[in-house]
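Written out below as structure tokens is the structure these notes cover.
The values are calculated or read from the model by the stated rules, or taken from the named source; none is laboratory data. What you are looking at is a predicted structure, and each value in this text was computed from that prediction instead of being measured. In this analysis, Cβ positions are derived from the backbone assuming ideal geometry, glycine residues included, and neighbour counts consider all displayed protein chains.
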Amino acid sequence: MRRIQRAYENRFRALAETLGARRPEKALAWFRRRAKAKAAGSRGPEWRGWEEAWREAQARANRSPRRAGRFQERPPLRPEETRFRCDAGLGGLARWLRAGGYPAEWSPEMDDEELVRRAMAEEAVLATTDSLLMERRLVRDGWVCALWLPPALSPAQQLARTLSELGLPLLPPRCMRCGGRLVRRSKQELADRIPPRTFRWLEEFFVCEGCGGLFWKGTHWQRIERALAEAASLRDQRAAPPLRPPESEE
Ligand SMILES: [Zn+2]
């Protein structure tokens, strides 16, 4: 077993060196803990724990946009698996990311260290307007995929920038309030919750799996869809004209 462990540790050292990790021994200690925890959690042989931890380390290294191009096999972010954690200054972006189909957490009172730690644990992309946060060790060394956004941009422009930087498409919309999936339900089932006029005019109704909120493709939804389409079309244009986000429903 020692030989297998040593082999994985050597691979990891080489990876950390390629990434220019400032404190390789600390990174290695993290890798060891990760592998042991994975081995303890699975019923298979111990080497599986090391293999899993190694794959995870590689995936993290490859995911960091700062490392783009440094790894030939760098896989792009998989849209269905991508989630975000937004810093205190990006509550508006979190709502727009959800409308664009991505789960996004926003915890305005969380300090930087906790924010980075959570993003790493959740394998979430950390979106921040704080350039100092980009200098934190775990971000700098590529363990957390982080994206810096200029605070002067509107949330819709920040969304456009995010989609473009990470090469992500728009997905079916999620609830802007909580990020829950929207599930289509029959209108009869929801009859007592739908305003009578809306009930007469529309057929498609959706309920949020997270907060139970009710949605329909009325004018509010259409405004958001138009703004999203515009954001998607602005993805590759750096000098984006200001987009007006639609007013909130609340
Ligand atoms: Zn919701």
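For segment 162-179, a tally of residues being farther than 15 Å from residue 85 by Cα and either free of Cβ contacts under 8 Å to residues at least 60 places away in the same chain or among the small types (Gly, Ala, Ser) (or both) returns 2.
With respect to residue 206, determine if the residue is farther than 30 Å from residue 158 by Cα and crowded, with 16+ Cβ neighbours inside 10 Å. Judged against the criteria, residue 206 is not a match. Within segment 203-220, residues that are modelled with pLDDT under 90 have Cβ atoms under 6 Å from residues that are within 15 Å of the ligand (Cβ to nearest atom) in these pairs: 220/249, counting only partners at least 6 apart in sequence or on another chain.
Given the structure, is residue 118 modelled with pLDDT under 90 and more than 9 Å from the chain's Cα centre (by Cα)? So residue 118 fails the test. Note on segment 178-215: residues that are within 16 Å of the ligand (Cβ to nearest atom) and of a type in the set (Val, Ile, Thr) total 2. Does at least one position in segment 161-179 carry a residue that is assigned to a strand (DSSP E or B) and either touching a Pro at 6+ places or on another chain (Cβ under 6 Å) or at pLDDT 85 or above (or both)? Yes; the residues of segment 161-179 include at least one that is assigned to a strand (DSSP E or B) and either touching a Pro at 6+ places or on another chain (Cβ under 6 Å) or at pLDDT 85 or above (or both). One residue stands out among those in segment 160-177 that are out of contact with any Lys or Arg (no Cβ under 6 Å at 6 or more places or on another chain) and closer than 14 Å to residue 207 by Cα: the one that is nearest to the ligand (Cβ to nearest atom), which is 175.
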